[in-house]
1. Are any of the residues in the range 651-667 among the hydrophobic types (A, V, I, L, M, F, W, C), modelled with pLDDT under 75 and either buried (at least 16 other Cβ atoms within 10 Å of the Cβ) or not in a strand (DSSP E or B) (or both)?
2. With Val323, Val350 as the choices, which residue is under 27 Å from Gly478 (Cβ atoms), hydrophobic (A, V, I, L, M, F, W, C) and in contact (Cβ under 8 Å) with a residue 60 or more places away in the chain?
3. If we only count strands (runs of 3 or more DSSP E) wholly inside the range 774-859, which ones have 1 or more residues that are at pLDDT below 85?
4. Taking the condition farther than 30 Å from Ala982 by Cβ, in contact (Cβ under 8 Å) with a residue 60 or more places away in the chain and part of a helix (DSSP H, G or I), does Gln945 pass?
5. Looking only at helices (runs of 4 or more DSSP H) that fall completely inside the range 94-176, which ones have 3 or more residues that are at pLDDT 70 or above and buried (at least 16 other Cβ atoms within 10 Å of the Cβ)?
6. Please verify whether Met1040 is modelled with pLDDT under 90 and surrounded by 21 or more Cβ atoms within 10 Å (Cβ to Cβ), treating the condition exactly as stated.
7. With the condition kept exactly as written, say whether any residue in the range 763-771 is among the acidic types (Asp, Glu) and modelled with pLDDT of 80 or more.
8. Kindly indicate which of Ala877, Ala863, Ala942 is surrounded by 14 or more Cβ atoms within 10 Å (Cβ to Cβ), over 42 Å from the mean Cα position of the chain (by Cα) and closer than 18 Å to Thr813 by Cβ.
Amino acid sequence: MARTVRDRHATTSLALGVLGSAFAFALVLRAAFPQLALGKVFTDAVAPGIHAALILLLLGAALCLRAFPETRRPAQAAASLLAMVAGLYSALALWHALAGPDATTALPGFITGSNFRAPGGHHLSPNGGVALIACAIALWCAAPERRIRYRRAGLMALALLVAVAALGLAGHLMGLELLYRVASHNQVRLSTALALLVLAAGIWQLRDIVTADPAREPLRLERRITYRAITVLTLVAVGGGIAGFAAMRETFEKSVLQSMEQSARTYAQALDDALRSSLALSAAAGDGPALALALERLNTAPRDAPASEQLEKLMAAYLVGGVEGVRFLDARGHLLRSSGLFLGDNARSVEPLDLDGPQQAELRWNAGYVLRTLVPVRQGGAVVGQVVMEQKLRLFDRLMDQMRRSTESADAVVCRRRADVAACAPSRLYPAPFTVPLWTAAGKPSLPMSLALLGQSGVNYARDLRGVPVVAGYGPIGSYGLGLVLKTDVTTLYAPLRGQLHLIVLSVLGLVAAGTWALRGRVRPLLATLVQEQQRSADILNTAGDAFIAVGADGRVTDWNPEAARMFGWGAAEAIGRDMVALMGLRIPPHAPLTHYAQLVDLGRSLAPGRPAELLGRHRNGSEVPVEVMMAVQATPAGPVANAFLRDIRARREAEQRLARSEQRLRDVLCNLPAVVCHFDARQRCLFANDYALQSRGLIARPQVGLYAQELLGDVQYALHLPYLMEALAGRRAQFEGCIDHEGTPRHLQSHLIPEFDGGTSVGESEGSAPPAVVGFYLMSFDVTALKELQLRQERTERRLRAIADNLPVMITYIDRAHRLQFLNHTFEEWTGIPIEHALGKPLPDVIGPALYAQRVDPLRRALTGQRVQFEVESEAMGMRRILQTDYIPDMLAVGEVLGIYTLTTDVTAIRQSERRMQELAMTDTLTGLANRRQFDIHLAAALQASRVAGTGMALMFLDIDHFKAINDTWGHAAGDTALVAMAERLQDAVRSTDFPARIAGDEFAVVLPHLSSCDEAQTVANKVLHAIREPLPQLQHNMPRQMSASIGVAYLAPGDHPVRPTDLLLAADRALYSAKHGGRDACAVHQVDLRELG
């Protein structure tokens, strides 16, 4: 028997060696000759490089030679030699991959790859190289003559081999590159991992051959069974862990991709809005009539002083409004005036934008994005000049910075198409402008940027120009021909999954350990018996044509076959162990559902053998399932148990219902007409009667042809019809509505009586001639009880809707096409004080007054054309001022005609007041209560403009606390905050009421001093501030010195000086502050602004 076992292991090992060798040979062909059909079977993501394929081929051949321990020694020696060659080859290839080509120039060409034509075929991944070396060691140690210590070393090498290969396979299955790639080196290919596992299985079979001992065969067989069971358990656990992680990764990946795509779309739209607002500013500049007039005059009279002065004013206004530089050109393109900074002249990247209309624009990059526009100026249809503007796109830069800071590896790139390449501006990862091809050699888009420039939006996995795998969201930026790519390294995005991977690994290890402990408890025979019994039961249940359900003595399900799962929607794992009565909701129609298992047992005992009972069950989705039940109840010591076969009779029931519906439709067509129809002659004898219609409505008991009208209708109905019957016999049409009592229920009738004249004519057909004799009449009667009840319900519904509308905190009205109020709710009266009855039906101007009506004329006109209009107005009524948001909703017919307007008016006063308070908070420094930098910039620009208009002087004061950093470092930031608050209070008390103090950053403060006539006034205010700051501070808790000082720099702008920009004044004040600090601090330096010094 031992020999048989050895032969079986030898055959298995040989088969695995042949399989591995054939597989490796195919990989060699694919790597060396990719143009062959055989080489095209494996994709680039699956096939390994040439080195790995050759080494696998050597190892497969060595495994084949090592298969039989009794083989001649030359074969064993050849196997050892092949294993050593494969190990040496793997070590050299691994050294070349890690050290790089410069350090391995002395190696042979077949190692460095210079002898191979296949590009990249000479690279070997580090972990793959380690696994190949371990495989070679394990094969070398598997020789029959090796000592025990070598066999143990071989076992450790085999364990390392299996670990690397299994991790590589798991990494490919779970999509985790960190399991099969080391740093930026090549990865372990899927084919390499599979081949290594095949070789590992063969080497394990060799170990069984080598260690076979007839004396210990029973123990060995038991151990093998145990090992195999542990292996199966491990594979199941690992497979479950991989499946669970793959599902978790798929969900996480879907969320990440959706988030990345949404971010790319949102930022692309935001960048589009930023460009659009900047383009609108430049376009508005070209539409100014003052500019057009000035340029027209300068074209005819280049030395026109008023026109030149007008251009100077316009340039100053543009620069204050956020424009960096302005140039005015005449009609021939010659420069007339230029002012400001043109950062785009030294731009490293210049890309024109695709625009509609005469406006031209370029997106330039010079340490940030700059928009340069050229707008022609027209006067009377002719071009009289051009305006060149340059704006620094601060919002654009902030959005790009936000994208690049979203993760530690995020980057955002903006590109434009140039022929077949994408030209891109510098970014976080690419400091210089660069271009990338739009198309691959196969004519497909090469990168996500290509798709963005083609107008597509989405998200892709790709490798960027660094070769790093990234997730890239892309999309076009408006219609300017620009594309945006927002990318993040895959490693960064999937970092949260690593912790989950550790948890899965620990769970798998715990499961394997628990299974190992159970197997060592010798539970295998019991498990085998249990599996046998379960298989037998499963076969019985799976072959049953009907649903089979077994119920234990406690009323819980013990067996549940697949047909039962299909019938009721609960899987076996979900149903077994649950209470059957509660799970299935069984009931015997028309009784209530069963509530106890004992009721089901009584039903089963009451059934005769072979006689089914019809019940109604409940599907998982709540629908009823009619079933036919055959049940047997058996008595056990624990109580009665039940075995039931259930047959789904829904199809039979549906067939019966379809047949019943068909018969009912036939009866309705033959017997049920929408009106009672009778035909009487002149003597009131019945000639025809729609008897079933009459009988179904209970109008007569036994209608028969030949009866008189009084006999047919009865005394009550005849008396009701008699006056109109006589009208019909007199030759006139008659109709009426009446009410009769039918079995205690009032029934409303609508009857029509039409006279029949001699010759078959009716009234109206004999006009223009003598009326013929009446020979009879027709009676048609309709039951209008439902219509009457519907009218009553409609009236009640209208009253309820009026109650709801009157209690809503929204003013609801309806205005017809003549602007008359046709509906008003009670809120109208509460807000306006006008009673509803005084306003209903009156024109809107007469109700709300001409002023309020004028605010609503244009929205009313637009709404009456079919548009939905929303607007806000301020209204005052009953001493209360409200901000009202009104929606005009057209009341339109299907043909498009507007009958009127529904109006919904909401009081949004509280919301708007909250918005104003939020705007005020955004302009104030929260620590000191002074204006912040944003409000300061706005006020400074306004003060400069006011100074130029009024012709007065002004000054800008810069000051900061001396040695403020030492206060923070020595006594802490709380002491620093106290100093800042004290500084703000003293500054605010020392300056004039017309001055504007602000905290602009850290310990830096600034004061705008308007309405100055001399530099001495600014010096006086500065000295007053210095004196106030030197006053001793009150006793503080921080133990900091009570004495505080500051340095002040003042930039004075004299009346009538040339206009300066805010940045010029800021620069001058900063220089003055530097002079004060250089002079020893606790001092003031006042400089008069000189544009020549400022450059």
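1. So the first thing to find is which residues in the range 651-667 are among the hydrophobic types (A, V, I, L, M, F, W, C), and the list is 651, 655, 659-660, 666.
Filter once more, so that each one left must be modelled with pLDDT under 75: 666.
Okay, now just the ones that are also either buried (at least 16 other Cβ atoms within 10 Å of the Cβ) or not in a strand (DSSP E or B) (or both), so 666.
Checking the range 651-667: at least one residue is among the hydrophobic types (A, V, I, L, M, F, W, C), modelled with pLDDT under 75 and either buried (at least 16 other Cβ atoms within 10 Å of the Cβ) or not in a strand (DSSP E or B) (or both).
2. Details: Val350 fails: in contact (Cβ under 8 Å) with a residue 60 or more places away in the chain.
It is Val323.
3. On the way: elements: 774-783, 811-816, 821-824.
In the range 774-859, the matching strands (runs of 3 or more DSSP E) lie at 774-783.
4. On the way: farther than 30 Å from Ala982 by Cβ: yes; in contact (Cβ under 8 Å) with a residue 60 or more places away in the chain: yes; part of a helix (DSSP H, G or I): yes.
Taking the combined requirement at face value, the residue satisfies it.
5. Working: elements: 109-112, 126-141, 148-174.
Result: 126-141, 148-174.
6. Working: modelled with pLDDT under 90: yes; surrounded by 21 or more Cβ atoms within 10 Å (Cβ to Cβ): no.
No; evaluated as a whole, the condition is false for this residue.
7. Of all residues in the range 763-771, those among the acidic types (Asp, Glu) come to 765, 767.
Next cut, modelled with pLDDT of 80 or more only: none.
No, because not a single residue in the range 763-771 is among the acidic types (Asp, Glu) and modelled with pLDDT of 80 or more.
8. Values: Ala863 fails: over 42 Å from the mean Cα position of the chain (by Cα); Ala942 fails: closer than 18 Å to Thr813 by Cβ.
Only one candidate passes the filter, namely Ala877.
The values are calculated or read from the model by the stated rules, or taken from the named source; none is laboratory data. Computed from a predicted model, the values in this text were never measured in an experiment. A quick note on method: Cβ atoms are made from the backbone with ideal geometry, for glycine too, and the neighbour counts reach across all protein chains shown.
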